[in-house]
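Chemist: Sending over a structure as structure tokens; questions will come in a sec.
FYI, it's all coordinate maths here, none of it is from the lab. Just so you know, these numbers come straight off a predicted model, no measurement behind them. Using ideal geometry, Cβ is built from the backbone for each residue, glycine included, and neighbour counts are taken over all protein chains shown.
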4 protein chains.
Amino acid sequence: MSSTAVYFSKKPKLTSPVMIEGLPGIGYIGKNVVDYLIDELKAEKFGEILSSYFPPLVLMNPEKNGLIEELKNEFYYVKKGKNLKNDLILLTGDTQSIDMQGHFVIGRKIIEVAHSYGTKRIITLGGFSTGALSEKDPKVFGAGTDEKIIKEFEKYNVVFKKSPIGQIIGASGILLSIAKRHNMDGVCLMGETSGILSSDPKSTEGVINVLSSYIGFKINLEKLDKRAKEMDKIIKKLEKVKKGMVSGKTQTSEQLGYIG
Amino acid sequence: MSSTAVYFSKKPKLTSPVMIEGLPGIGYIGKNVVDYLIDELKAEKFGEILSSYFPPLVLMNPEKNGLIEELKNEFYYVKKGKNLKNDLILLTGDTQSIDMQGHFVIGRKIIEVAHSYGTKRIITLGGFSTGALSEKDPKVFGAGTDEKIIKEFEKYNVVFKKSPIGQIIGASGILLSIAKRHNMDGVCLMGETSGILSSDPKSTEGVINVLSSYIGFKINLEKLDKRAKEMDKIIKKLEKVKKGMVSGKTQTSEQLGYIG
Amino acid sequence: MSSTAVYFSKKPKLTSPVMIEGLPGIGYIGKNVVDYLIDELKAEKFGEILSSYFPPLVLMNPEKNGLIEELKNEFYYVKKGKNLKNDLILLTGDTQSIDMQGHFVIGRKIIEVAHSYGTKRIITLGGFSTGALSEKDPKVFGAGTDEKIIKEFEKYNVVFKKSPIGQIIGASGILLSIAKRHNMDGVCLMGETSGILSSDPKSTEGVINVLSSYIGFKINLEKLDKRAKEMDKIIKKLEKVKKGMVSGKTQTSEQLGYIG
Amino acid sequence: MSSTAVYFSKKPKLTSPVMIEGLPGIGYIGKNVVDYLIDELKAEKFGEILSSYFPPLVLMNPEKNGLIEELKNEFYYVKKGKNLKNDLILLTGDTQSIDMQGHFVIGRKIIEVAHSYGTKRIITLGGFSTGALSEKDPKVFGAGTDEKIIKEFEKYNVVFKKSPIGQIIGASGILLSIAKRHNMDGVCLMGETSGILSSDPKSTEGVINVLSSYIGFKINLEKLDKRAKEMDKIIKKLEKVKKGMVSGKTQTSEQLGYIG
């Protein structure tokens, strides 16, 4: 009785687009990077995913105009041009699945969409939390579906070998796994972050640098800085909201006094 | 293998009825308001929803006559008249889903029923818990599916802009979201409440005032007071019952010694 | 992908059999009563239910012969005779569902079986835990699907009116609810018990007394005493086993080190 | 919407193969034994199971080459020869189901594969944790589907009667139960282990000794020792990784900040 559906508002014509996923995760690195790309590359929205595996709630529009907003994942696209080597599909969203199995269901829907547009490569983004603040420039760690893509991204200083990473949890990992089963290649780029601060502009910038070298767009550092500061405020608010909320069935029921 | 079914006992003829939902939630505001309306407007029951997403138990009839009662959500209707501007469908019940995904499944069933009777607008009711007692008259906060309905309800002193609300959890939120996808408009009215007392007559009255202005019925304050006091007793009993009960699979199994 | 299946080993011909359910629950009252009836009335097994809603484990045969035993619910029957007014279907088992929704799925299967044999009445058994030891003879509390059956069982000193019971959790409650929807009547008999001792022979005896008066068999008090003592030993062992076991997905996974 | 799929890379011709299961569990006894057999008997992989009941993550290849690895269960085979009395199917893997119901779903898939190759007997492996270190040689406890197989394995000093084991949780138990329903016989061999050390070479050796006597291969004790030491290092790392990971929906969501 669960459901996960894709709604398309447009059907753009794309040529072998690379899909870049940036859903909420450790340090919001992935989401921050993709939202920056959407803004900077003036990407257009063409579809969204709703799922009963998302939390059972609606958000209030952050601009506080009184409008409700559904939790969703959103597909954007941008076509290649003078400073962009590839057509891109950009995936952002408010949430990942809150159910173990939902990750697989939603992941397959996302790969279906990628596949239907001729995507042969998926780049998933995330953070790797070290648990300690550091003065050094954060590294970008990587994981790949095959040796060829690993060699390709090692050129951009992504660290694949002997990394401290043991596993990739959630969409960034599962999407690579499903992509590989569908004859796509893929790479996960993870910005090193302390995990202590709610967001991490330096780590975000590191991941954007890799993508910039790979796809060819130029980075607007000023805008990036401004976005980072705004994002930080929003994340801090969200952290407050989350406490006592996404803590599973039991608490939700108790809080709301569902049993009348 | 889950199931959610609607059972109709009548098929009333209704003209563009507005649906008002009042399931158990924060401070029982929504349920208290709708149960008051059912009583005051002499609404008639025409259907009910049973679901395996409700807790696996039966209630003893509160009048203690020895009869069991299923947990259910119930549909009532009342037709427009001299002091009522619209046909109404009123939704009350004993419980909401205790499963994350169940909210979506049951929500879709409710909207299907609304849709089949020609409903174009849904009003969901709830409470917003401030965590502190206050001397001031409680506000009624709102959230809407579009700007038109927001403007309409701002006339009745509902606060939409810059409200402290970040999200609406459960039926009151999910119903608006599903309604919007089915081309209905909708508004959620949330009575400000401390969340400390088990029920909150002042907050309930605030929400009833808004509905009274909107739909046109007159309020019987005396009855409302009496109901509030009775409700308070029932809720206090329920709170006791809930402890150690709705605390998920594990505790239930342990309590009952299911593994023989 | 869940599954719940009934396996029949016989297809006995029964005439309007009354079904009596005694699955593990509070104080093992229900299970003790039904297992006593199976033994005393020399009931024969004719079917069993397996379900993926039962815990994912097999038991070792309690006689420790090295054989495994599946967790199951079992159907027995006995035909009416000189000291038995009705054909009976007796339902016992090792466990109830450990999943909220599983109660509804398994409950429907049980009622299907009852229905297919022409059952018009179901008696479910359980315990009501007072939380305190008492010198007085334990009461038998009741809950019924309609006033007629309540009146009928009030003759046997079952307490229906103004009982302290607010809800009936699990199979004993859900079966009545499903039975009622299938035009059967039903009653739940609950032996008052402290809930402190692992089993409660006095409370068990109280429930057997009611059934004895209702169906007409004679009670073998000596055997009942002996069984109670044996059962007590088994239950104490089971209590040890349960600790740290049925505590949900997480603990099970951790204990077993599932992630290799 | 859940899914569990078997992918075959080969279709070997096998004659009444015995299936031996060694998935992660208490003390990693089962997995260590089967991985030793795969290595020592030069077994070839012919299939794998993926399932949405496994945790939603990918592993990094333990050789840290930057490649991702899906969580899976794997089928190997080896044909009988001078020192092996039977064709064997060996089942190893990274994980068991992390969902109660998943055990039944995956278990049925495994038995389907066994059945399709003409398997009539399944040997499942596990550990039995005593909670205390002991100087004595660890016993091998057993549980069987019928008396014949119990007698057969008693010849190899497996302890079936009056064992301290009350239940067998997870794949090792459920597979026997499903096998029996499909007219296979089966035995579970459980190496006695303290449960205090992360792995237990002595206990592993005990189980290998039984299998060696039963199937006829010779044990390479030197290799076994070397493997045990390597395995110990890996397990210690995994234990670290597991903390804070397999702790259910809630923690995973919170850790990752899924709600953006």
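Chemist: Would you mind checking which residues have amide H under 5 Å from residue D:186's amide H? H placed 1.01 Å from N; only 5 or more apart, or other chain.
Modeler: Correct list: D:122, D:145, D:146.
Chemist: Would you mind classifying the protein assembly as shown by shape? Square roots of the alpha carbon gyration tensor eigenvalues, ordered a ≥ b ≥ c; an a/c under 1.5 is rounded, otherwise it is prolate if a/b is larger than b/c and oblate if not.
Modeler: On the way: a/c = 2.07, a/b = 1.00, b/c = 2.07.
Oblate shape, in that a/c is at least 1.5 and b/c is the bigger or equal ratio.
Chemist: Using a/c under 1.5 as the rounded threshold, could you call the range A:14-256 rounded, prolate or oblate? The axes a ≥ b ≥ c are square roots of the C-alpha gyration tensor eigenvalues, and prolate needs a/b larger than b/c, oblate otherwise.
Modeler: Numbers: a/c = 1.38, a/b = 1.26, b/c = 1.10.
Rounded, because the longest to shortest axis ratio a/c is under 1.5.
Chemist: I've got another one for you. Between C:68, C:178, C:49, where does the largest GNM mean-square fluctuation fall for chain C, given springs only between Cα atoms within less than 10 Å?
Modeler: C:68
Chemist: Do any trypsin sites (Lys or Arg not before Pro) in the range B:1-56 lie in a DSSP loop with no more than 12 other beta carbon atoms within 10 Å, and if so, which?
Modeler: Numbers: sites: B:10, B:13, B:31, B:42, B:45; in loops: B:10, B:13, B:42.
Filter output for the range B:1-56: B:10, B:13, B:42.
Chemist: To continue, here is another question. How many percent of DSSP beta bridges within the range B:4-219 run antiparallel, rounded to 5? Spell out each step's value before the answer.
Modeler: Working: 25 of 43 bridges.
Close to 60 percent.
Chemist: Separate question: Give the nm distances, rounded to one decimal, from residue B:154 to the matching residue in every other copy, measuring between label points 7 Å along Cα toward the beta carbon; shortest first.
Modeler: Its label point is 6.1, 6.1, 8.6 nm from the equivalent points in the other copies.
Chemist: To continue, here is another question. Run through the other copies and list how far each one's label point is from that of residue B:132, in nm with one decimal, shortest first; the point sits 7 Å from Cα along Cα-Cβ.
Modeler: Those separations, rounded to one decimal, come out as 4.1, 4.1, 5.8 nm.
Chemist: Take peptide D:89-98, look around each residue's Cβ out to 10 angstrom, count Cβ atoms belonging to other protein chains, and average those counts.
Modeler: On the way: counts 0, 0, 0, 1, 2, 3, 6, 8, 5, 8.
Per-residue shielding by partner chains comes out at 3.
Chemist: Label residue C:151 and residue A:155 with points 7 Å out from Cα along Cα→Cβ: what is the distance between them in nm?
Modeler: A separation of 9.0 nm, rounded to one decimal place.
Chemist: Now for a separate question. Determine the percent antiparallel among the DSSP beta bridges restricted to the protein assembly as shown, to the nearest 5. Don't skip to the end; give the middle numbers.
Modeler: Working: 112 of 188 bridges.
Of the beta bridges lying entirely in the protein assembly as shown, close to 60 percent run antiparallel.
Chemist: Another one. Express the relative contact order of the range D:16-256 as a whole percentage, based on alpha carbon pairs under 8 Å and six or more residues apart in sequence. Before the final figure, lay out each step's value.
Modeler: Details: 441 pairs, mean separation 57.1, N = 241.
Relative CO of the range D:16-256 lands at 24 percent.
Chemist: While we're on this one: Grab the DSSP H runs of chain D that are 4 residues or longer, score each as -39,500 (n - 2.57), total them, divide by all residues and round the 222 nm result to the nearest 500 deg cm²/dmol. Don't skip to the end; give the middle numbers.
Modeler: Working: 7 runs with 92 residues, N = 260.
Taken over chain D, the calculation gives -11000 deg cm²/dmol.
Chemist: If amide H atoms are built 1.01 Å from N in the plane of the peptide, which residues on other chains or at least 5 residues away come under 5 Å of the amide H of residue C:67?
Modeler: C:61, D:144
Chemist: In peptide B:24-34, what is the residue-averaged number of other protein chain Cβ atoms found within 10 Å of each Cβ? Please report the intermediate quantities before stating the final value.
Modeler: Values: counts 6, 5, 3, 2, 3, 0, 1, 2, 1, 0, 0.
Counting Cβ atoms of other protein chains within 10 Å of each residue's Cβ and averaging gives 2.
Chemist: Follow-up question, since we're still on this one. Mind sorting B:204, C:119 by how few other Cβ atoms lie within 10 Å of their own Cβ, fewest first?
Modeler: On the way: B:204 28, C:119 22.
Arranged by neighbour count, lowest to highest, B:204, C:119 become C:119, B:204.
Chemist: With a 10 Å Cβ neighbour count serving as the proxy for reagent exposure, in which order, fewest first, do B:117, C:156, A:76, C:7 appear?
Modeler: C:7, C:156, B:117, A:76
Chemist: Same structure, new question: By how many degrees, between 0 and 90 and to the nearest 10, does the Cα long axis of helix D:171-181 differ from the longest principal axis of chain D?
Modeler: 60
Chemist: Give me the one-decimal nm value for the distance between modelled label points at residue A:218 and residue C:9, 7 Å along each residue's Cα-to-Cβ direction.
Modeler: Modelled inter-label distance: 8.2 nm.
Chemist: Where in the range C:116-141 does the amide nitrogen come within less than 17 Å of the point 7 Å from the Cα of residue C:183, taken along Cα to Cβ?
Modeler: In the range C:116-141, the label zone of residue C:183 (backbone N under 17 Å from the point 7 Å along Cα→Cβ) covers C:116-122.
Chemist: Enumerate by residue number the trypsin sites (Lys or Arg not before Pro) in the range B:88-183 meeting two conditions: DSSP loop (anything except H, G, I, E, B), and at most 13 other Cβ atoms within 10 Å of the site's Cβ. Walk me through the numbers on the way to the answer.
Modeler: Values: sites: B:108, B:109, B:120, B:121, B:136, B:139, B:148, B:151, B:155, B:161, B:162, B:180, B:181; in loops: B:120, B:136, B:139, B:155, B:161, B:162.
Filter output for the range B:88-183: B:136, B:155, B:161, B:162.
Chemist: Classify the range B:1-54 as rounded, prolate or oblate from the Cα gyration tensor: take a ≥ b ≥ c as the square roots of its eigenvalues, call it rounded if a/c is under 1.5, otherwise prolate when a/b beats b/c and oblate if not.
Modeler: Working: a/c = 2.26, a/b = 1.11, b/c = 2.03.
Oblate, because a/c is 1.5 or more while a/b does not exceed b/c.
Chemist: Distances in nm, one decimal, shortest first, from residue D:120 to the same residue in every other copy, taking the label point 7 angstrom along Cα→Cβ.
Modeler: Between copies, matching label points for residue D:120 lie 5.2, 5.2, 7.4 nm apart.
Chemist: In addition: Arranged by the count of other C-beta atoms within 10 angstrom, fewest first, what order do B:145, A:15 take? Working shown, then result.
Modeler: Numbers: B:145 22, A:15 10.
Neighbour counts put them in this order, fewest first: A:15, B:145.
Chemist: Could you give the angle, 0 to 90 degrees to the nearest 10, between helix D:29-40's Cα long axis and the longest principal axis of the Cα atoms of chain D?
Modeler: Compared with the principal axis, the helix lies near 70 degrees.
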